[in-house]
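Colleague: This is the structure I want to talk about, given as structure tokens.
The values are calculated or read from the model by the stated rules, or taken from the named source; none is laboratory data. Quick caveat: nothing in here was measured; it's all calculated off a predicted structure. Neighbour counts are summed over all protein chains in view; Cβ atoms, including those assigned to glycine, are modelled from backbone coordinates with ideal geometry. We work out accessible area using only protein heavy atoms, side chains counted, and drop any ligands, DNA or RNA first. Shrake-Rupley method; radii C 1.70, N 1.55, O 1.52, S 1.80 Å.
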Amino acid sequence: MGIYINEQEKFFSLKTNNTEYQMQADEYGVLKHIWYGERVENNMSYLLEYPDVGFSGNPYDAGNDRTYSLNTLPLEYACSGIGDFRIPAVSVKHSDGSCALDLRYKSFKIKKGKYNITGMPAVYGNESDSETLEIILYDTSGKIEITLRYGVLEKYDIITRSAVIRNLGQKSVILEKAASLCLDIPHFEWELVHFHGRHAMERLSQRSPLINGIQEIASTRGTSSHQHNPSFILCSPECTENSGECIGSFFVYSGSFQAQVERDELGQIRAVMGIHPGLFSWNLKPGDIFETPEAVLTYSKNGFSKLSYNFHKVIREHICRGKYKLAERPVLINNWEATYFDFNSDKILEIAKESAELGVDMLVLDDGWFGKRDDDCSGLGDWFVNEKKLQGGIYELAENVKNMGMRFGLWFEPEMISEDSELYREHPEWAIRIPDRQPTRGRYQLVLDMSREDVQDYLYKVISNILDSAEISYIKWDMNRSICDWYSGFLTAEGQGELPHRYMLGLYALLERLTSDYPEILFEGCSGGGGRFDAGMLYYCPQIWCSDDTDAYERTKIQYGTSFIYPVSSVGSHVSVVPNHQTGRITPMETRAITAMAGSFGYELDLSSLSEQDKQSVKLHIKKFREYAPLIHNGKYYRLSNPINDNYALWEFVSDDETEALVHGMVYRTEPNMKRKSIKLEGLNPDYQYQVNGSSEVYSGAALMKGGILLPKAWGDYCPVEFHLKKQEG
Ligand code: DGJ
């Protein structure tokens, strides 16, 4: 298995098929980080350097040895207050007001299977596919103990991390920071790739050199956010899609987070990721523990594509759960861009009828079906049907949809409350707001205090009432604002710093209850599109609405960034109308379909108002998607272009047995007398012969990977590209 220990030398090595992670406790009991990279079968501590650097202090027990400094050594879980002036992973305030922690090695434990984290999403594994190493460290004061947990998924090249902080003292301590990941990389040059954006323009990839100092990616919005995704990649400057070293990490958490990368005075790198400390303090009472969320790591020596492969596989197979984790997803029609709030049963049934005829599997009724909800100013919290709009209620509508041969899904935004709602009139104290201050509104709404059990119980009750009242096969779980004004009437003054994390624990508890009590329902996450697109939500919802931007051109950039960390099966994507509602852009129907196929696939427009020609295209695209879906969702995914720099966006899916591949994408702009470009394919079997699009064109895998395939002659902008390759037998 993957954990190797030399007890005498206090040396720990976590080995996966292609990677190795090493730590060692030294003569002072300091746990040093030794190595993360390719498998080396050698204790890499010979690379440790002990320079005497000015203004780098020395621990007392090192005596007069000025070369032993915590400020220069690679450390496994760095603390503040004891002479390491780089970013700490953990900070506490003791009852006497002092803030130091000095962690030393105590013991270790190995367990079969993967550890769980109480009340939080995490990678899961069983005794045959994973192992856990726990390293227990103690603070020299004797009052704090920290257990570093490592999950090893050998075949996946995945290592997970989480820490448990325990108060062994007689008095409370305040935990001011408790990161999940701390990774020191003392050698070589590295660059940073991260995914930033804004509403309707999420997860744009950005690659930058590391400056001397600290680079930070973070969210203080109470959600993982549109602005920064809780993930990053460190790569060698020469790293490409299929060559060069890279280390990636994503956070299994959906709230505020902070990821910092520091390049210190010696050119050494430290990466730290965890709950955002600016919105966190935890009153750790005597005997209490605090468990951090999980950070997941992988390493690739063969560029980004292998890194993404490792992440896609672990997310699909060890984070997503339930009936739909690997199952084919229904092709759905969502009414939002077709009607917004302006609908009634007749209009929805008209769309449903057309959808059923064109081959759609499921109709999803979006915002506006409940309470008093004719615009976004009111109604949130009142999760009972608006009979004025839907005569006969949800039951009758779902039955009618079912009779047309489709399933039925429903939108909720459970965490929110409108001031103009029955719920707010009854329970104003359930909204998060600071007494004696006016609250900040976001989309006119306030946020429910999800840390309260009565709020969770209310939501469980009203949501399950609806779910029990009709045949509902899908829920879209939306969340449409950033959170501020943090205050809970339920917590003491000292406990207010716990609210942002308690909110997450409450949300996760409610999601856990609903997903386990309604295992047949497909949950899709959403937060104004991809404002909470993270592995925490994927634990409950195997797909997340990727962005409110449904414009196919913009989507190629959004989906490109998303693909570095998250699998295609997790990407909620729909074909919408042109001119597009977010950009006014006009793209061909086929291009829109191809782009939406790199995800869950569905429609978000009034199918009943399409031209006859477009309706025929919809039929064809649904049929195609059904044919391609196993390859798209289960195959290996390759990025063939960088749509931020190139004039085309191209991606490829290859089946595990390499007998089938699909290249999809678009050429953005056409120019006169344009020379056709050849694009090198990836992941094929060099010895196989592949037939292209069922035609007489047949090329070897070697030719397609070394010489490439010519893009079609483009005519007009956003010209669709599709090459379906099948191994030719005989
Ligand atoms: C934001 C979502 O991203 C949209 O798809 C839609 O559901 C609206 N909310 C409804 O208010």
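Colleague: Only one of Asp367, Asp374 is open to solvent by 10 Å² or more (accessible area, probe 1.4 Å), part of a loop (DSSP other than H, G, I, E, B), under 15 Å from Asn344 (Cβ atoms) and within 16 Å of the ligand (Cβ to nearest atom); which?
Modeller: Details: Asp367 fails: open to solvent by 10 Å² or more (accessible area, probe 1.4 Å).
Criteria check complete, one pass: Asp374.
Colleague: Being under 14 Å from Glu262 (Cβ atoms) and either under 17 Å from the mean Cα position of the chain (by Cα) or in contact (Cβ under 8 Å) with a residue 24 or more places away in the chain (or both) is the requirement here; does Ile211 meet it?
Modeller: yes
Colleague: Evaluate the following for Ile394: is it open to solvent by less than 10 Å² (accessible area, probe 1.4 Å), within 16 Å of the ligand (Cβ to nearest atom) and of a type outside the set (Asp, Glu)?
Modeller: Working: open to solvent by less than 10 Å² (accessible area, probe 1.4 Å): yes; within 16 Å of the ligand (Cβ to nearest atom): no; of a type outside the set (Asp, Glu): yes.
In short, no.
Colleague: Filter region 413-428 for residues that are out of contact with any Cys (no Cβ under 9 Å at 6 or more places or on another chain), among the acidic types (Asp, Glu) and open to solvent by less than 10 Å² (accessible area, probe 1.4 Å) and give the result.
Modeller: Glu415
Colleague: Under 25 Å from the mean Cα position of the chain (by Cα) and open to solvent by less than 10 Å² (accessible area, probe 1.4 Å): is that true of Thr595 in this structure?
Modeller: Numbers: under 25 Å from the mean Cα position of the chain (by Cα): yes; open to solvent by less than 10 Å² (accessible area, probe 1.4 Å): yes.
So Thr595 fits the description; yes.
Colleague: Separate question: Evaluate the following for Tyr77: is it under 26 Å from Ala271 (Cβ atoms), touching a residue at least 60 places away in the same chain (Cβ under 8 Å) and assigned to a loop (DSSP other than H, G, I, E, B)?
Modeller: Working: under 26 Å from Ala271 (Cβ atoms): yes; touching a residue at least 60 places away in the same chain (Cβ under 8 Å): yes; assigned to a loop (DSSP other than H, G, I, E, B): yes.
Yes; evaluated as a whole, the condition is true for this residue.
Colleague: Take region 317-353 and flag every residue that is open to solvent by 30 Å² or more (accessible area, probe 1.4 Å), more than 16 Å from the ligand (Cβ to nearest atom) and part of a helix (DSSP H, G or I).
Modeller: Result: Glu317, Asp346, Lys347, Leu349, Glu350, Lys353.
Here is a yes/no grid of residues against (1) away from the ligand (no atom under 16 Å from the Cβ); (2) open to solvent by less than 30 Å² (accessible area, probe 1.4 Å); (3) within 30 Å of Arg203 (Cβ to Cβ); (4) assigned to a strand (DSSP E or B):
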| residue | (1), (2), (3), (4) |
| --- | --- |
| Tyr460 | yes, no, no, no |
| Ser482 | no, no, yes, no |
| Thr492 | yes, no, no, no |
| Glu498 | yes, yes, yes, no |
| Tyr508 | yes, yes, yes, no |
| Arg532 | no, yes, yes, no |
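Colleague: Which members of region 354-364 meet the condition of being of a type outside the set (A, V, I, L, M, F, W, C) and buried (at least 19 other Cβ atoms within 10 Å of the Cβ)?
Modeller: Initially, region 354-364 is screened for residues of a type outside the set (A, V, I, L, M, F, W, C), giving 354-355, 357, 359, 361.
Glu354, Ser355, Asp361, listed by residue number.
Colleague: Check off (1) near the ligand (Cβ under 10 Å from one of its atoms); (2) open to solvent by 10 Å² or more (accessible area, probe 1.4 Å); (3) touching a Lys or Arg at 6+ places or on another chain (Cβ under 9 Å); (4) not hydrophobic (A, V, I, L, M, F, W, C) for Asp548 and give me the number that stays unchecked.
Modeller: Unmet for Asp548, out of (1) near the ligand (Cβ under 10 Å from one of its atoms); (2) open to solvent by 10 Å² or more (accessible area, probe 1.4 Å); (3) touching a Lys or Arg at 6+ places or on another chain (Cβ under 9 Å); (4) not hydrophobic (A, V, I, L, M, F, W, C): (3).
Colleague: Is there a residue in region 66-73 that is β-branched (Val, Ile, Thr), surrounded by fewer than 16 Cβ atoms within 10 Å (Cβ to Cβ) and free of Cβ contacts under 8 Å to residues at least 40 places away in the same chain? Give the derivation first.
Modeller: Residues of region 66-73 β-branched (Val, Ile, Thr): 67, 72.
So of that shortlist, the ones also surrounded by fewer than 16 Cβ atoms within 10 Å (Cβ to Cβ) come out as 67.
If we keep only those that are free of Cβ contacts under 8 Å to residues at least 40 places away in the same chain too, we end up with 67.
Yes: region 66-73 contains one or more residues that are β-branched (Val, Ile, Thr), surrounded by fewer than 16 Cβ atoms within 10 Å (Cβ to Cβ) and free of Cβ contacts under 8 Å to residues at least 40 places away in the same chain.
Colleague: Checking Gln170 against (1) under 18 Å from Thr298 (Cβ atoms); (2) open to solvent by 20 Å² or more (accessible area, probe 1.4 Å): exactly one of these is not met. Which one?
Modeller: (1)
Colleague: Out of region 406-428, which residues are farther than 21 Å from Ser464 by Cβ and within 13 Å of the ligand (Cβ to nearest atom)? Spell out how you get there, then give the answer.
Modeller: Just the residues of region 406-428 that are farther than 21 Å from Ser464 by Cβ, to begin with: 406, 418-420, 424-425, 428.
Ser418 - this is the single residue of region 406-428 that is farther than 21 Å from Ser464 by Cβ and within 13 Å of the ligand (Cβ to nearest atom).
Colleague: Quick one: count up the residues across region 1-38 that are part of a strand (DSSP E or B) and either at pLDDT below 95 or among the hydrophobic types (A, V, I, L, M, F, W, C) (or both). Full working, then the answer.
Modeller: Just the residues of region 1-38 that are part of a strand (DSSP E or B), to begin with: 3-6, 11-15, 19-25, 31-38.
Still in the running and either at pLDDT below 95 or among the hydrophobic types (A, V, I, L, M, F, W, C) (or both): 3, 5, 11-12, 14, 23, 25, 31, 34-35.
Residues that pass the stated criteria total 10.
Colleague: Among Ala100, Ala89, which is within 27 Å of the chain's Cα centre (by Cα) and not charged (D, E, K, R)? Give the steps one after another, and end with the answer.
Modeller: Values: Ala100 fails: within 27 Å of the chain's Cα centre (by Cα).
Going through Ala100, Ala89 in turn, the sole match is Ala89.
Colleague: Among the residues of region 670-684, is there at least one that is under 25 Å from Phe564 (Cβ atoms), surrounded by fewer than 22 Cβ atoms within 10 Å (Cβ to Cβ) and touching a Pro at 6+ places or on another chain (Cβ under 8 Å)?
Modeller: No, the conditions are met nowhere in region 670-684.
Colleague: When residues of region 510-530 are filtered for being open to solvent by less than 40 Å² (accessible area, probe 1.4 Å) and either part of a helix (DSSP H, G or I) or within 16 Å of the ligand (Cβ to nearest atom) (or both), how many remain? Quick ask: steps written out before the conclusion?
Modeller: Keep residues of region 510-530 that are open to solvent by less than 40 Å² (accessible area, probe 1.4 Å), which gives 510-511, 514-515, 518, 521-530.
Now narrow it down to the ones that are either part of a helix (DSSP H, G or I) or within 16 Å of the ligand (Cβ to nearest atom) (or both): 510-511, 514-515, 522-530.
Residues in region 510-530 being open to solvent by less than 40 Å² (accessible area, probe 1.4 Å) and either part of a helix (DSSP H, G or I) or within 16 Å of the ligand (Cβ to nearest atom) (or both): 13 in total.
Colleague: Within the bounds of region 429-439, is there any residue that is open to solvent by 10 Å² or more (accessible area, probe 1.4 Å), within 16 Å of the ligand (Cβ to nearest atom) and in a loop (DSSP other than H, G, I, E, B)?
Modeller: The answer is no, given that none of the residues of region 429-439 is open to solvent by 10 Å² or more (accessible area, probe 1.4 Å), within 16 Å of the ligand (Cβ to nearest atom) and in a loop (DSSP other than H, G, I, E, B).
Colleague: Read through the list (1) buried (at least 19 other Cβ atoms within 10 Å of the Cβ); (2) closer than 22 Å to Ala552 by Cβ; (3) without any contact (Cβ under 8 Å) to a residue 60 or more places away in the chain, then give the number of the only condition that Pro720 fails.
Modeller: (3)
Colleague: Within region 605-616, how many residues turn out to be surrounded by fewer than 24 Cβ atoms within 10 Å (Cβ to Cβ) and within 26 Å of Thr562 (Cβ to Cβ)?
Modeller: Result for region 605-616: 0.
Colleague: Take Ser641 and tell me if it is closer than 30 Å to Phe311 by Cβ, crowded, with 16+ Cβ neighbours inside 10 Å and without any contact (Cβ under 8 Å) to a residue 60 or more places away in the chain. Walk me through how you get there before you give the answer.
Modeller: On the way: closer than 30 Å to Phe311 by Cβ: yes; crowded, with 16+ Cβ neighbours inside 10 Å: yes; without any contact (Cβ under 8 Å) to a residue 60 or more places away in the chain: yes.
It is true that Ser641 is closer than 30 Å to Phe311 by Cβ, crowded, with 16+ Cβ neighbours inside 10 Å and without any contact (Cβ under 8 Å) to a residue 60 or more places away in the chain.
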